[in-house]
Protein chains: 2
Amino acid sequence: MKVVTAEVITIGDEILFGQITDTNTQWMGVELSLIGVKTIRKSSVGDVREEILRVLKEAQERADIVLITGGLGPTKDDITKHTLCEYFGTSLAIHPDALEAVDTFFRKRGRELSDINRQQAALPLNATYIPNTRGTAPGMWFDHEGTVFVSLPGVPFEMKGLMTDEILPRLKQRFTLPVIHHRVIRTVGIGESFLAEKIAAWEDALPPHIRLAYLPSMGMVKLRLTATGTSLAALKEETEQLVQDILPVIQPFVFGYDGEEFEEVIAALLKASGQTISAAESCTGGYVAHLLTKIPGSSAYFQGGVISYANEIKEQTLGVRPETLAKYGAVSEETIREMAEGIRTRFHTWFGLATSGIAGPDGGTPEKPVGTVWIAVSTPERTLTRKLTLGGDRQQNIHLSAIYLLNLLRKVLLQEE
Amino acid sequence: MKVVTAEVITIGDEILFGQITDTNTQWMGVELSLIGVKTIRKSSVGDVREEILRVLKEAQERADIVLITGGLGPTKDDITKHTLCEYFGTSLAIHPDALEAVDTFFRKRGRELSDINRQQAALPLNATYIPNTRGTAPGMWFDHEGTVFVSLPGVPFEMKGLMTDEILPRLKQRFTLPVIHHRVIRTVGIGESFLAEKIAAWEDALPPHIRLAYLPSMGMVKLRLTATGTSLAALKEETEQLVQDILPVIQPFVFGYDGEEFEEVIAALLKASGQTISAAESCTGGYVAHLLTKIPGSSAYFQGGVISYANEIKEQTLGVRPETLAKYGAVSEETIREMAEGIRTRFHTWFGLATSGIAGPDGGTPEKPVGTVWIAVSTPERTLTRKLTLGGDRQQNIHLSAIYLLNLLRKVLLQEE
């Protein structure tokens, strides 16, 4: 089977000059490899007609698929569409469906359609219009001399939405791609190198057509198995057996599989439990509540929270005793216990969560250095506390405290703790 | 003066397939633009001889400077070095200084020099050896047919060290470079197209050596002026005049300049005010508090907050009257006013913030569709309320509600509202 190749092009001076971070092409590289398309080149060019023409020509010579992002905003420094017209030997015309979509987009927000925004509905005549439900710049699909060109807006969530909903399914239809099966095991609370040591023997014994990748992020590591072959059923069976083989070794760290996001796993467990929850946060400053409430439908179980930076709020709103704070300090097992129990009883919830620690960069002492954090989960029956010793910067300490607290909650929900 | 151009090439399958994030090229783009070198292309290719040869040839045709990172590790089979030899028509030989450096590197760490590491001292015969004090792969400088090629290791801190200590100073010596000055105006609360309409006349009248770029992100747009010339003082004066010219038109939306982040601007204003603050959040679910508390030192003014998803928490903890909730509902001007005043008086702070709205995807009604949000800022003298009509998904609605609330606070702090 011929390997189907892709080239990813980003257009914009701001990427070349380093003024914005390009996160799009990494995401696209992953998604393309997941459907069996091999990315052979990534290129960034400025908002310059000659450069865009040149990179399009080079890409067409090399790749079956050319994905282009950026350079589609409504302002004057955007020249992608005009240059695409020149490249394909065509011209722009208002596309009626695109016009209706951009008109609806503005009307929904109670705003008039300006001439500039109207121009966003102008597409090259040879383009297939790809509706963008998340913004005003549509996607465009071109089938040109055997190569597929796709032009997408550079705003990441618009680009990702268009890729997922429209472009990836169309590419799978348009090309004959190898059968690839991915299986992801998602872990939390164990570092990449410790995980690698635990599974070394299993990893060494993997067959050549199944590859393993470690994908670490803060506090978590994804293990991705990529199996290539001809029968999806056979690949699925094979990877599933491999997962079952390794699960006994890593089970305490596994919270989910494939696309299951950590917060969504917690949300599903909470929903299934039928219980309510509240959170008392000091060092995480609202981030635990944010992780819980960013999930749609969270009001079914999340009742509310208190962010108690000031000690008097810990006393008045959470009922932490002044003697406890005076004797043990805000960052202590005694205080975190009273915080978790206080929010649970005062907000009348089944679970009460709490965090108190030193996120940094200031506030550390020799006994309680930056990164010292107490977390707690309280239920009507008991209160579990844990001390964390984190070594990151402020943002990392906030993030890891929240993740480890939610992981403790997960284990309580699963009766593993 | 001729523009000196650069092309940046990264070598490595792991970048193409999205398995690691490339942060090197963004950093290099910034550093090059700061010395007046214009990056005209960035390319990523895999660890494939033919692809590396092709991208080198293309780059030489286009650019004065070709910067190459990656493909130099001891496990990569030195594909980059062998391919550079082939490209330049030369061969590898152990460089005595490089060998001594790598030997010293290992001896200092109490480790034997292996054959693999010894090979790291083998350089193409036409290379100028650039010592790497932070790792074992040396930098290499080639002056080939009028183009400068530089090969650097891909480990970010090694690459950055070599660039700063050796490569950037050498480039400034080797080329006659123009002076470049960047000035960024940061706006919030106005869309890219509306901003473009407001400043159209000013933008059209910009002189040819000063370019404007729009850099949008959620709820914000950065306007970047890039001026090129021979005198930094003259460029600074010229761009400053342009900023002063347009400021009267866009002043209500401008929150900062250059590297000033929104949350840091709010934090600095709060710190300067000497006042304290608290937040009562419904639809934002802790995100406002998170934005405030992620800034180091925020405990100086942030006292705490309440997340009141449940109406009984709005009543008990914030003092919202049951009659208000019954008559107007949780998402109303009357309720948001009582929330902001309630948190301010109960937490004894100068400012009280509040949000209440329908973040979605559920919970909308014909009168109050998803995206209907009330925000408020309360002070001892008055309480300002605003109704937002947002049209995004849950995450966007949460993010924009928080940004617009903090922007209202900013205006109150500046006595603009």
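The values are calculated or read from the model by the stated rules, or taken from the named source; none is laboratory data. Predicted, not measured: the structure shown is a model, and the values here were computed from it. Cβ placement follows ideal geometry from the backbone for every residue including glycine, while neighbour counts extend to all protein chains displayed. Heavy atoms of the whole protein, side chains included, go into the accessibility calculation; ligands, DNA and RNA do not. Shrake-Rupley method; radii C 1.70, N 1.55, O 1.52, S 1.80 Å.
Just a yes or no: is a residue in segment A:166-182 in contact with a Lys or Arg (Cβ under 7 Å, 6 or more places away or on another chain) and either surrounded by 12 or more Cβ atoms within 10 Å (Cβ to Cβ) or closer than 30 Å to A:T128 by Cβ (or both)?
Scanning segment A:166-182 turns up at least one residue that is in contact with a Lys or Arg (Cβ under 7 Å, 6 or more places away or on another chain) and either surrounded by 12 or more Cβ atoms within 10 Å (Cβ to Cβ) or closer than 30 Å to A:T128 by Cβ (or both).
Inside segment A:278-315, can you point out the residues that are of a type outside the set (G, A, S), more than 15 Å from A:A354 (Cβ to Cβ), more than 7 Å from every other protein chain (Cβ to nearest Cβ) and under 24 Å from the mean Cα position of the chain (by Cα)?
Answer for segment A:278-315, where residues must be of a type outside the set (G, A, S), more than 15 Å from A:A354 (Cβ to Cβ), more than 7 Å from every other protein chain (Cβ to nearest Cβ) and under 24 Å from the mean Cα position of the chain (by Cα): A:I295, A:Y301.
Looking at B:R170, B:R211, B:R186 in this structure, which one is of a type in the set (D, E, K, R) and away from chain A (no Cβ under 14 Å)?
B:R170
Counting only residues that are over 16 Å from A:T228 (Cβ atoms) and over 23 Å from the mean Cα position of the chain (by Cα), how many does segment A:172-195 have?
3
Anything in segment A:137-163 that is in a loop (DSSP other than H, G, I, E, B), buried (at least 17 other Cβ atoms within 10 Å of the Cβ) and more than 10 Å from every other protein chain (Cβ to nearest Cβ)? List them, or say none.
A:A137, A:P138, A:P153
For segment A:201-209, indicate whether the set of residues that are under 23 Å from A:L32 (Cα atoms), surrounded by 14 or more Cβ atoms within 10 Å (Cβ to Cβ) and either of a type outside the set (G, A, S) or not assigned by TED's automatic domain parsing to the domain that holds A:I35 (or both) is non-empty.
no
If you check B:V306 against the conditions, is it over 14 Å from B:A280 (Cβ atoms), of a type in the set (A, V, I, L, M, F, W, C) and touching a residue at least 12 places away in the same chain (Cβ under 8 Å)?
No: the conditions fail for B:V306.
Within segment A:351-384, which residues are more than 20 Å from B:G286 (Cα to Cα), among the hydrophobic types (A, V, I, L, M, F, W, C) and assigned to a loop (DSSP other than H, G, I, E, B)?
Passing the criteria: only A:V370.
Among (1) in contact with a Leu (Cβ under 9 Å, 6 or more places away or on another chain); (2) farther than 24 Å from A:P124 by Cα; (3) aliphatic (A, V, I, L, M), where does A:L92 come up short?
The failed condition is (2).
Identify the single condition in (1) open to solvent by 40 Å² or more (accessible area, probe 1.4 Å); (2) more than 30 Å from A:R186 (Cβ to Cβ) that A:T389 does not satisfy, given that it satisfies every other one.
(2)
Does segment B:316-335 include one or more residues that are assigned to a strand (DSSP E or B), in contact (Cβ under 8 Å) with a residue 40 or more places away in the chain, farther than 23 Å from A:F347 by Cβ and away from every other protein chain (no Cβ under 14 Å)?
no
Table: residues versus (1) part of a loop (DSSP other than H, G, I, E, B); (2) aromatic (F, W, Y); (3) at the interface with chain A (Cβ under 7 Å from one of its Cβ atoms); (4) surrounded by fewer than 24 Cβ atoms within 10 Å (Cβ to Cβ).
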| position | (1), (2), (3), (4) |
| --- | --- |
| B:A6 | no, no, no, no |
| B:E14 | no, no, no, yes |
| B:W27 | no, yes, yes, yes |
| B:T39 | no, no, yes, no |
| B:S44 | no, no, yes, no |
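Which of the residues that make up segment B:269-282 are hydrophobic (A, V, I, L, M, F, W, C) and open to solvent by 10 Å² or more (accessible area, probe 1.4 Å)?
B:L269, B:A272
Among the strands (runs of 3 or more DSSP E) confined wholly to segment B:174-237, which include 1 or more residues that are among the small types (G, A, S)?
So the answer is B:210-217, B:220-229.
All but one of (1) open to solvent by 20 Å² or more (accessible area, probe 1.4 Å); (2) part of a strand (DSSP E or B) hold for B:R134; state the number of the condition that does not hold.
Single failed check for B:R134: (2).
Mind checking which residues of segment B:16-25 are modelled with pLDDT of 90 or more and at the interface with chain A (Cβ under 8 Å from one of its Cβ atoms)?
If the condition is that a residue be modelled with pLDDT of 90 or more and at the interface with chain A (Cβ under 8 Å from one of its Cβ atoms), then B:T25 is the only one that fits.
Condition (residue is surrounded by fewer than 19 Cβ atoms within 10 Å (Cβ to Cβ), at pLDDT 95 or above and either within 28 Å of the chain's Cα centre (by Cα) or not assigned by TED's automatic domain parsing to the domain that holds A:W27 (or both)) applied to segment A:103-126: is it met by at least one residue?
For segment A:103-126, residues surrounded by fewer than 19 Cβ atoms within 10 Å (Cβ to Cβ), at pLDDT 95 or above and either within 28 Å of the chain's Cα centre (by Cα) or not assigned by TED's automatic domain parsing to the domain that holds A:W27 (or both): absent.
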